[in-house]
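The values are calculated or read from the model by the stated rules, or taken from the named source; none is laboratory data. Just so we're clear, the structure is a prediction, and the values are computed from it rather than from any experiment. FYI the Cβ positions are ideal-geometry reconstructions off the backbone, even for glycines, and counts take in every protein chain you see. Areas reflect the complete protein model, heavy atoms only, side chains present, ligands, DNA and RNA absent. Shrake-Rupley method; radii C 1.70, N 1.55, O 1.52, S 1.80 Å.
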Amino acid sequence: MDSESKTTPTNFIRNIIDDDLESGKHDYIITRFPPEPNGYLHIGHAKSICLNFGIARDYKGQCHLRFDDTNPAKEELEYVESIMEDVRWLGWDWDERLYYASDYFDQLYEYAEILIKDGKAFVCDLSIDELREYRGTLTEPGKDSPYKNRSIEENLDLFRRMRDGEFPEGSKSLRAKIDMASPNLNMRDPVVYRIKKTEHHRTGDTWQIYPMYDYTHCVSDALEMITHSLCTLEFEDHRPLYDWFLDQLPVPSHPRQIEFARLNLTYTVMSKRMLLELVEGGIVDGWDDPRMPTIAGIRRRGFTPESIRDFADRIGVAKANSVVDYELLTFCLREDLNKRAQRRMAVLDPLKLTIRNYPEGKIEEMDAENNPEDPDGGHRKVKFSRELYIERDDFMEEPVKGWFRMAPGKEVRLKHAYYITCEEVIKDENGEITEIICSYDPNSRGGWTEDGRKVRGTIHWVSQAHCIPIEVRLFDHLLTIADLNDVEEGKSYLDYINPDSKEINTKAFGESSLRDTKEGEKFQFLRLGYFAVDKDTSEDMPTFNRITGLRDSWARAQNK
RNA sequence: UGGGAUGUCGUCUAAUGGUAGGACAGCGGUCUCUGGCUCCGUAUGUGAGGGUUCAACUCCUUCCAUCCCAGCCA
């Protein structure tokens, strides 16, 4: 990971840390990644993970993994496990620094009693609806709760009885006494504890009351001696409350909350709610659908952790809302896999090709390098014979200007094999081309000749008798619009779902070496793109996801 | 129309009073047994107006635009 840290650009958060180190405010940096275990992680979380763990790595500090599990109604063990898997997959390690906010429930409760004893919190009997009314609006101040002036003794008694389960859910809450007239709604006597008679995935039925995020998060950070508590922009308004709680309590430290902009990616959604709707609405095939921006989805699609880390470094960290071009993500993938992925040949849209002057029944083994970018990549043998399949797109009966693939009378190179020339085109009654008849030059074995003549076009192929059927899954963007901010008035992102985001191709063939592959293995199919073996793969039908295509300057020029 | 924040190439991001730079995308070329890769070249930007200054993305000021906040969610 050393080579990566070299290229990690600086950002305003690292500048703050540099200052804090230089001023002596800190001599050791501790960050944390604090997911709520109520859903799957997505690539936006990956940004946060790489930020927090990356800082810990570069400053030789620590990064804690802490589950923010204060709401048992929404959280499950299943998510805890998938989150840990995703963080590990991304290449980060929290060692023994695994924490749960629920581990602090006792401490949090003690601190709450301190708040009460100091006259800074009270038990409120207002219902949820009443509370909303009393809160006021964005432009009007709120009103004090009629219960705000209860005695400390009464508050303590009531709070303990809340803890002991004497009151029904929603009937009472513990609230901080701050300022109902504050222009910041978060400061209008916020709820600190609510009654919830739900079993918690870790503490079971120990608790009848659970602390709220604003109270829990800052205290957890302080207890863990976090130095810099990094969160997303929507918590900016919560910072005064974060600081308020820590100022009232005898906590061992007072971390600094710093907010940064969350990641948005073009042509997709990134909110838990929308992602959930895609899954539950059957628009995608689950959380790990290769089209999903979830970590599980991009992993299944075939993206590498290296490419995601590189991406996180390249997008930077700032406070301005932004939408990053999906192309940058595919760029990072190509850059990674170009150096590492072995090349294979596969034909997605097969067109039969027969070499008239090649002996029937003859089989040759052609030598093919596995990766021209990798000197240690080695070579493999690919069987060649009289009958082949080539890509239908690689033949054009009446070639356009600039075309240098196959066309009648034109000599092209079969990659790793021979020069061939198209002599005849066979069509069916509908005029569809069904077969190409060629001749080959026996002196061009290996794909070159001694006379050094130039053959511009090189195409990929598979031998009919030796190739295997494969399934190939092609994906496109989930949405037809790049930027969610461009959703028209009165419409939702659901009105922009791309109906053609998935294409299952079962007519493809691959070279025989593709028979033995394992889930997750990645290849470059020559001239087609990068592919990863899907979890649905089987011996009978090796199954590949196209991660992304290759850059195709020919196609781009044609589309102009 | 309360409060909080943010505006730099198409996109993302640097420049902390001293030459507006990088990356992706684009375009053009080079190279090539992948129309891939490589390499080279190239265009495009400080939201607007005022002010301070020898000098402003940076400081002041007015405006404009966008985002966030009225869960006993996080």
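Below, the figures for the structure above:
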item: Within region A:365-395, tally of residues that are near RNA strand B (Cβ under 10 Å from one of its atoms), closer than 19 Å to A:ILE437 by Cα and open to solvent by 60 Å² or more (accessible area, probe 1.4 Å); result: 1
item: Long-range neighbours under 7 Å by Cβ, at least six apart or interchain, first residue open to solvent by 40 Å² or more (accessible area, probe 1.4 Å) and among the charged types (D, E, K, R) within region A:180-194, second outside any strand (DSSP E or B) and within 6 Å of RNA strand B (Cβ to nearest atom); result: A:ARG194/A:MET212
item: Matching residues, region A:96-110, being open to solvent by 20 Å² or more (accessible area, probe 1.4 Å) and either farther than 27 Å from A:ASP310 by Cβ or free of Cβ contacts under 8 Å to residues at least 12 places away in the same chain (or both); result: A:GLU96, A:TYR99, A:TYR100, A:ASP103, A:TYR104, A:ASP106, A:GLN107, A:GLU110
item: Filtered residue count, region A:342-353, keeping only those that are outside any loop (DSSP other than H, G, I, E, B) and open to solvent by less than 10 Å² (accessible area, probe 1.4 Å); result: 4
item: Condition broken by A:ASN149, with the remaining ones in (1) open to solvent by 30 Å² or more (accessible area, probe 1.4 Å); (2) assigned to a loop (DSSP other than H, G, I, E, B); (3) more than 9 Å from RNA strand B (Cβ to nearest atom); (4) closer than 21 Å to A:HIS201 by Cα satisfied; result: (4)
item: Output for region A:483-514, where each listed residue is part of a helix (DSSP H, G or I) and either within 11 Å of RNA strand B (Cβ to nearest atom) or exposed (fewer than 12 other Cβ atoms within 10 Å of the Cβ) (or both); result: A:LEU484, A:ASN485, A:ASP486
item: All positions within region A:447-464 that are under 18 Å from A:PRO359 (Cβ atoms) and exposed (fewer than 13 other Cβ atoms within 10 Å of the Cβ); result: none
item: Residue, least open to solvent (accessible area, probe 1.4 Å), within region A:515-560, restricted to residues that are more than 16 Å from RNA strand B (Cβ to nearest atom) and out of contact with any strand residue (DSSP E or B) (no Cβ under 8 Å at 6 or more places or on another chain); result: A:SER538
item: Index of the failed condition, A:ALA312 passing every other in (1) closer than 30 Å to A:GLU373 by Cβ; (2) more than 15 Å from RNA strand B (Cβ to nearest atom); result: (2)
item: Subset of region A:172-184 (residues that are more than 16 Å from A:MET212 (Cα to Cα) and among the polar types (S, T, N, Q)); result: A:SER182, A:ASN184
item: Set A:GLU280, A:GLU306, A:GLU335: member being near RNA strand B (Cβ under 8 Å from one of its atoms) and open to solvent by 10 Å² or more (accessible area, probe 1.4 Å); result: A:GLU335
